[in-house]
1. Which angle from 0 to 90°, rounded to the nearest 10, does the C-alpha axis of helix 304-317 make with the longest principal axis of the chain?
2. Once the cut-off is 24 Å, how many percent of the Cα-Cα pairs in region 296-445 end up in the long-distance tail?
3. Can you list the lysines whose alpha carbon is less than 22 Å from that of residue 431, not counting same-chain residues fewer than 8 positions off?
4. In Å and from the alpha-carbon atoms only, list the Rg and Dmax of region 53-103.
5. Can you give the extra length, in nm with one decimal, that the chain gains between residue 309 and residue 330 once fully stretched, where that is 0.36 nm per residue apart less the Cα-Cα distance?
6. What's the carbon and sulfur percent of the chain's accessible surface, probe 1.4 angstrom, rounded to a whole number?
7. Could you grab the Rg to Rh ratio for region 302-357? Cα atoms only, Kirkwood for Rh.
8. Residue 34: accessible area at probe 1.4 Å, nearest 10 Å²?
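The values are calculated or read from the model by the stated rules, or taken from the named source; none is laboratory data. None of the values given here were measured: they were computed from a predicted structure. Counting neighbours? That spans all protein chains shown, and the Cβs are built from the backbone with ideal geometry, glycine included. Accessible surface is based on the protein model in full, side chains and every heavy atom, while ligands, DNA and RNA are left aside. Shrake-Rupley method; radii C 1.70, N 1.55, O 1.52, S 1.80 Å.
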Amino acid sequence: MEFDWLKRVMPRGLYGRAALILFLPVVVVTVVVTVVFLQRHFEDVTLQMTGGMAREIALVATRIDAAPDLESARRAALDDAGPLGLELHMPARAPGQDWVGTFDLSGRVVIRTLHAAIPQVIGVDLTQRREVRATLAGRFGPYELVFPRERVSASNPHQLLVLMIGTSLLMTAIATIFLRNQLRPIKRLARAAEEYGKGRIIPYRPAGASEIRSAGTAFLEMRARIERQNEQRKQMLSGVSHDLRTPLTRLRLGLSMLSPDLPPEPDEIAALEGDVAAMGRMVDAFLDHARDAAQDAPPETVLALNFVRGIVADARRGGQAVVLGPLQGDLGGKATFRQDSLRRAVENLIGNAVRYGERAEVEAALGPSYFRISVEDDGPGIPPESREEALKPFTRLDAARNQNRGQGVGLGLSIATDIARAHGGQLRLVKGERLGGLRAEIVIPR
């Protein structure tokens, strides 16, 4: 490619590229302003000042050429040179030749202007920084006029360059400090992400500009979500192994007590079948949860309150004792969420409510920035100190909820919690005010 060389010379790191973006315009602007200012300002000023000085030199040269003899010429020149601030050396101390310093920005303009304005000029010496030595060819031989350099060019033109370069260096230093401070949070974020990729969690706090803070906050939320999922996976595996151990033990014990000579009793067969069914329910619940987490459909924008009305209608057709409570907000308002997963979360809450209570009531509210679905029952509820524990997988609070009322394996609230978090919301458990039991609220952003 024709621009491959540019990619090779460009800095690789973010700091180098940011510095290039920041400092290159400063250098270009400084150079352009310097060149334009020197060409326009110093050249014009030097032309004007040298033109005025050339008229004074021409006056002295005219008086010298008009004198009848050398002594008269010297006296006439001194009479005019003194008031004009010119120093006369007659004859000249050195042969006339043009001399200019390497870094003399306006010297060439002075020499060119004096040669053009005064035909008698044969040399201009500018090697002395503070004075100009002009050698002229006169009627009585070469002579020299010396005058201060400040009369033909702006004094100390290098001061502009020093000022601009100094200011640029100062601004560059300040910009470098600010740039480093802005890039440091990015490096900390990159290090935290790299360490987490290696399985290590290091302390990290979002800092820097608002965009960097947003990226850091998103990283922390992602890391926390992954850690929660890992913890829940461990809890599920632990719960499955723990819950399967009891029916497996009973099943093993029951099989060991069977006599090869006598057929089993119907009660023994029923007990064994019950253990097998319990293990099947546990495995199915675990597989359903894993399958739903892996097959989430993309979010859709739907009529929010109609969505809740449809869930309640389906539950009532299924024979569940649930009623639709007040619906708050615009009936035509829409929210964006994954319909299948949110439906399953609400159905789990309804199932828990009718399992542990006599009836359930579903409410919904659509606010400016949130969508809330509430399921309340008239059951025994959950004590405040146990509500956090109830959200964990395979947790059944026997003291608070009568396990004999249903066949759950302790995944309903955990699944609803995961779905709410996946939508950027949360599941809250509070005491119901209308029915007196447990009130579960899913709140997600619109």
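1. Long axis of 304-317 versus the principal axis of the chain: about 20 degrees.
2. When all Cα pairs of region 296-445 are counted, 26 percent exceed 24 Å.
3. Leaving aside lysines fewer than 8 places away in the same chain, those within reach of residue 431 are 392.
4. Cα only, region 53-103: 12.6, 43 Å (Rg, Dmax).
5. Result: 6.2 nm gained on full extension.
6. That fraction is 57 percent.
7. Computed over Cα atoms, the ratio is 0.98.
8. Residue 34 has an accessible surface of roughly 20 Å² with all protein chains in place.
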